[in-house]
């Protein structure tokens, strides 16, 4: 029995080119907070991977969330098109 590793929702040979094309369509985001005290922005690639997992497995955002991307960030990205800054 193999334990510990996660199985990707879609093989990387399929997902990587799609992710690259999708990320190329997104505008460049800049951190404009003058004090820099807000939480750092979640990578668009991480959010994209979580959303693919939600769509492929049919699970909720809570199940797809991990240490890099919380459930509210996934839900915001799905609703608004981008994770919170």
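The values are calculated or read from the model by the stated rules, or taken from the named source; none is laboratory data. All values reported here derive from a predicted model rather than from experimental measurement. Every residue, glycine among them, receives a Cβ derived from its backbone with ideal geometry; neighbour counts consider all protein chains shown.
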Leading residue by the ranking (modelled with the highest pLDDT) among those in the range 1-56 that are farther than 19 Å from residue 76 by Cα and surrounded by 15 or more Cβ atoms within 10 Å (Cβ to Cβ) = 15
Can you tell me which residue in the range 57-69 is modelled with the highest pLDDT, limited to those that are part of a loop (DSSP other than H, G, I, E, B) and surrounded by fewer than 18 Cβ atoms within 10 Å (Cβ to Cβ)?
-> 58
